[in-house]
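J.: Encoded as structure tokens, here's the structure I'll be asking about.
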Amino acid sequence: MQDIGIGLIGGGYMGKAHAVAMAAVGAVFDTALRPRLEMICASSDASAEGYRAAFGFARATADWRVLVADPKVQAVVIASPQETHRAIAEAAFALGKPVFCEKPLGASYEDSLAMVAAAKASGCVNMVGFNYIRTPASRFARDLVARGEIGEITWFRGEHTEDFDADASKPATWRNFGAANGTMGDLAPHMINAALALIGPIARLSADITTVHSNRPGTQGRAVNDDIGQFICRFDNGAMGHLSFSRIAMGRKMGYAYEITGTKGAIRFDQEDQNALWLYRAEDPPALRGFRKILMGPEHPDYLPFCQGPGHGTGYQDQIIIEARDFLRAIETNTSLWPSFHDGMEVNRIIAAAHSSAQAGAWVDL
């Protein structure tokens, strides 16, 4: 057993999740590498110190360059705004340090290309944070599809819909400005990543993207980013698909959901009920044919380390702990595991293609 000094940049929503994950992962998964919470960085000295005391880090700083350069920081976790990802990752790779970066990989496709190039040149372990696809249910869905349990895939429907910005009278925040913070930059990456993981590469798409609430209080005439986006697509394997994304979907709190239809059956999943997977088998007798609810339990991927009882369930924080386990395993074996920076770049490539399609009103080949 060996410890490894972790430097975390960002102490907010995702920063806290990663701090808790790094503190817990050794106990949950009995990892060979045990994280040492070495340094945390935030936007000011006061906030950094507050996060240090709250999360248990040894030291704090308001300058990410100090954190990255510190010799006791042996691996870097980026949980700061998208526009900071590229510079931090490039600096860490230049010093030979592994990097875990929250999604989206960069603030643009161009950023992600540069980050992949820096990772490749350094030879360092790299990983991007797509946590929802790591639930036991979605891991099991991937296994079922890969084993051909529902036959040849013919159709995929995926959505990531929430309602946190549905109230048009709510004052504008940072989320309402900049392409990287709109629905296509914020929510779409998760479901696009799911489609790539479950079905495979996308060959071509036709997209439509729009802003619904363009006059939010505080916008002062400035342009606001997209509220809703969608595209139809054709996958490399011939399957057809429809993906949709919205931050103004009234009533949806975590609408990360998908349906996969094959020639021998179908799968349904909804993140609002993340500990269940719905499976349909065409081979069942007609009287028994229908979707069956499968509750996650110790027989499903990555469930047992958290709980020995089936149906008891895992939660959001557990997804981040699974990510931490994968990152530590990648460092231990010196081999980048899925999803790597290249996988994050592929998601950004599809988002860029969707914007191009929506602007041109035409299909785009990938």
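The values are calculated or read from the model by the stated rules, or taken from the named source; none is laboratory data. Bear in mind the structure is a predicted one, so any value in this text is a computation, not a measurement. Positions of Cβ are generated from backbone atoms using ideal geometry, with glycine treated the same way; all protein chains shown enter the neighbour counts.
J.: Looking at the range 108-122, I want the residues that are in the same structural domain as A94 (by TED's automatic domain parsing) and have a partner that is part of a helix (DSSP H, G or I) and among the acidic types (D, E) with Cβ atoms under 6 Å, at least 6 apart or on another chain. Which pairs are those?
T.: Filtered contacts from the range 108-122: A118/E90.
J.: Right, another one. Of all residues in the range 219-244, how many are of a type in the set (A, V, I, L, M, F, W, C), under 24 Å from W363 (Cβ atoms) and part of a loop (DSSP other than H, G, I, E, B)?
T.: Qualifying residue count, the range 219-244: 1.
J.: Only one of A330, A282 is of a type in the set (G, A, S), out of contact with any Pro (no Cβ under 6 Å at 6 or more places or on another chain) and assigned by TED's automatic domain parsing to the domain that holds S244. Can you tell me which?
T.: Numbers: A330 fails: assigned by TED's automatic domain parsing to the domain that holds S244.
Being of a type in the set (G, A, S), out of contact with any Pro (no Cβ under 6 Å at 6 or more places or on another chain) and assigned by TED's automatic domain parsing to the domain that holds S244 holds for just one of A330, A282, which is A282.
J.: Residues that are assigned by TED's automatic domain parsing to the domain that holds A266, in contact with a Leu (Cβ under 9 Å, 6 or more places away or on another chain) and closer than 30 Å to V125 by Cβ: does the range 298-313 have at least one?
T.: yes
J.: State all residues of the range 173-218 that are surrounded by fewer than 16 Cβ atoms within 10 Å (Cβ to Cβ) and part of a strand (DSSP E or B); if no residue qualifies, say none.
T.: The answer is A203, D208, T210.
J.: I260 passes all but one of (1) assigned to a strand (DSSP E or B); (2) farther than 25 Å from R204 by Cα; (3) among the β-branched types (V, I, T); which number fails?
T.: The failed condition is (2).
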